[in-house]
Amino acid sequence: MSTLTAAAIVLGAVNYGEADRIVTLFGRATGRVSALARGARKSQRRFAGGLGLCAIGTAALRERPGAELLTLERFDVTEPHPGLGADVARLAHAAYAAELVGKLCAPRQEEPGVFDALLAFLRLLDEEGASAERLRVLELALLGALGFGPVLDSCAVCAGDRFEGRPAVEIAFRWDPDRGGAVCVACARIGRPLSAPARASRRRRWPRPAPSAWPPISTATAAKRCSRSSTTT
Ligand SMILES: [Zn+2]
């Protein structure tokens, strides 16, 4: 039986039996996995730093024959983020992010873009505190990384078939998220007008495939950016 070592983030853990824990991890190379951590409530040696919510570290995992649960041999915290538990808002945002990733990602499906987005989010959450705007950026980043992002380069309905040979920049669009994003006026029935600069702005801000190096965003700055990005003509 081989042991796999992977960078991982703890999405959650529940007690099992008298000394064990069942841990849900999101590994960069493994995706979401559940693993049995034997003796986790007692062993400080194999689980140095603990298995707290959104702990970031290196997990040593082993398959168990015939069992769905992996075995977590050890988990070493590589990035202590003491700020995550500093206040209720940080804790709530961390819990929400972990739940979102856990719900959106299928088990054992490698999603490095999602891992990078979550990691970047947690680092900024620790350093700068909770920000509703950054939470929205994370949601958009996850959707983008998982292929659910809006179409912004062309028409989400006709994919340019009704442009009559003209480039997309000359086409008027409307914003219709129910139909997949930007929709050309020939296809659009409803939606707010979306100018070319607004489309370009949203493309720039859409973190695809993943925002491995998000700039820090203060609430005031984010509010200004949101205001600018919704500019339409
Ligand atoms: Zn169209």
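The values are calculated or read from the model by the stated rules, or taken from the named source; none is laboratory data. Everything numeric in this text was worked out from a predicted model, so none of it was measured. Glycine also receives a Cβ, built like all others from the backbone with ideal geometry; neighbour counts cover every protein chain displayed.
Considering the conditions (1) within 22 Å of the chain's Cα centre (by Cα); (2) loosely packed, with under 14 Cβ neighbours inside 10 Å; (3) hydroxyl-bearing (Ser, Thr, Tyr), Thr30 is excluded by exactly one of them, (2). Could you tell me whether any residue of segment 152-175 is closer than 25 Å to Leu104 by Cβ, in contact with a Ser or Thr (Cβ under 9 Å, 6 or more places away or on another chain) and buried (at least 18 other Cβ atoms within 10 Å of the Cβ)? Yes: one or more hits. Inside segment 180-189, can you point out the residues that are within 10 Å of the ligand (Cβ to nearest atom) and out of contact with any Cys (no Cβ under 8 Å at 6 or more places or on another chain)? Within segment 180-189, Val185, Ala188 meet the criteria. Applying the condition of being part of a strand (DSSP E or B) and in contact with a helix residue (DSSP H, G or I) (Cβ under 9 Å, 6 or more places away or on another chain) to segment 29-74 and asking which residue is nearest to Ala8 (Cα to Cα) yields Ile56.
Sub-7 Å Cβ pairs linking a first residue in segment 159-178 that is acidic (Asp, Glu) to a second residue that is in a loop (DSSP other than H, G, I, E, B) and within 8 Å of the ligand (Cβ to nearest atom), at least 6 apart or interchain, are Asp176/Ala188, ordered by first then second residue.
The residues of segment 144-166 that are at positive phi and either of a type in the set (Phe, Trp, Tyr) or more than 8 Å from the ligand (Cβ to nearest atom) (or both), listed by number, are Gly147, Glu164, Gly165.
Considering only segment 167-178, state which residues are modelled with pLDDT under 90 and within 13 Å of the ligand (Cβ to nearest atom). Result: Ala168, single match.
For segment 92-139, how many residues meet the condition of being more than 25 Å from Ser34 (Cα to Cα) and among the hydroxyl-bearing types (Ser, Thr, Tyr)? Number satisfying all stated conditions: 1. Quick check, is Asp20 within 24 Å of the chain's Cα centre (by Cα) and farther than 22 Å from Leu143 by Cα? So Asp20 does not fit the description; no.
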